[in-house]
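Working notes for the structure below.
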Amino acid sequence: MPELPEVETIARRVDERVRGDYIAQVWFSGKREPFKTPPAHQRNGLIGRAFLFIHRVGKHIVCELGARRAGGDAEESRDTQAQWILHLGMTGRLLVTAAESPVEPHTHARLSLASGLELRFVDPRRFGRLEFRDLGRSKMFEAPGADPLSIGPEAFAALFRGRRLAIKAALLNQTLLAGVGNIYADESLFHAGIRPRRSAGRLTRAELERLRGCLRQVLRHAIRLGGSSVSDYVDADGARGFFQVEHCVYMRTGEPCRRCHTPIRRILVAGRGTHFCPQCQR
Ligand SMILES: [Zn+2]
């Protein structure tokens, strides 16, 4: 499952390659699941538009699209007129390829671009979603939760006030924070020295501030390394782009803590395997 750093990395790499390019032609598979907006509607909405820029919003990849190019030298608008919103689900991948490169099985979308490149969405398990929004008719896309990389101290503390659930469960709650998955929740709690089962509402302001800082650090570090997914991601260029970060606790059950050598323990919190150091985390 791609987490925030993988999604951020994919969005940046796709942005580098297709920003400013035009969508000349669109092909979609006949599969129903990936299309949150009916495929015919998406196709009509996408054709002729330019990619202004591509970025991450929560765990979604959002392509900001300009006005449709009417004639040869129509005036270019820099304002977003429409959005193409992708969620990678469990196994979704977004590839930028040459038009002639072979089409993989489970390809659900192919956008042929004016430059000759193709943007392809491949998803064997079909939990990914594709949505089109014409901003003349619908609202701008927003992630349900706050962004862990940009949230300030006040807003971060307010997220957890009065909450009785475990801090690990609160970090994973996508309506509170968008895009924090299991790996980064465990790693940031380790760096902040906080036990995963502690009640979210009972953490001190200092602990919450430490946690906010560690969460940002862990996510930023992973983004710098190009994401740290443990499954076999193929990034936007079709090359194997992700390598595993040296995790401190995640999936290191029984191995010595990198800081104090106490064996790392594994428990279940909110049904998810949770890893921590019983010595370093209080
Ligand atoms: Zn330790």
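Brief remarks on what is shown
- Screening 129, 125 for residues that are modelled with pLDDT of 95 or more and open to solvent by 60 Å² or more (accessible area, probe 1.4 Å) leaves exactly one candidate, 129.
- Checking each residue in the stretch 137-161 for being open to solvent by 70 Å² or more (accessible area, probe 1.4 Å) and in a loop (DSSP other than H, G, I, E, B) picks out 137, 139, 140, 142, 144, 150, 161.
- Options 219, 211; residue that is in contact with a His (Cβ under 9 Å, 6 or more places away or on another chain), in a helix (DSSP H, G or I) and of a type outside the set (Val, Ile, Thr): 211
- Taking every residue in the stretch 263-282 that is in contact (Cβ under 8 Å) with a residue 40 or more places away in the chain and open to solvent by 60 Å² or more (accessible area, probe 1.4 Å) and pairing it with any residue that is of a type outside the set (Val, Ile, Thr) and away from the ligand (no atom under 14 Å from the Cβ), at least 6 positions away or on another chain, the pairs with Cβ-Cβ distances below 6 Å are 270/169; 272/182.
- When residues of the stretch 260-282 are limited to those that are outside any loop (DSSP other than H, G, I, E, B) and not aliphatic (A, V, I, L, M), the one farthest from the ligand (Cβ to nearest atom): 272
- Within the stretch 4-20, if we keep just the residues that are touching a residue at least 60 places away in the same chain (Cβ under 8 Å) and open to solvent by 20 Å² or more (accessible area, probe 1.4 Å), the residue that is nearest to residue 51 (Cα to Cα) turns out to be 17.
- Hey, residue 19 modelled with pLDDT of 95 or more and within 30 Å of residue 219 (Cβ to Cβ) or not: yes
- Only a single item in (1) surrounded by fewer than 19 Cβ atoms within 10 Å (Cβ to Cβ); (2) in contact with a His (Cβ under 9 Å, 6 or more places away or on another chain); (3) among the basic types (Lys, Arg) is not met by residue 120, and it is number (1).
The values are calculated or read from the model by the stated rules, or taken from the named source; none is laboratory data. Keep in mind it's a predicted model, so treat the numbers as computed, not measured. As a convention, Cβ positions derive from the backbone with ideal geometry for all residues, glycine included, and neighbour counts pool all protein chains shown. Just so you know, the surface numbers come from the protein's heavy atoms only, side chains and all, with ligands and any DNA or RNA stripped out. Shrake-Rupley method; radii C 1.70, N 1.55, O 1.52, S 1.80 Å.
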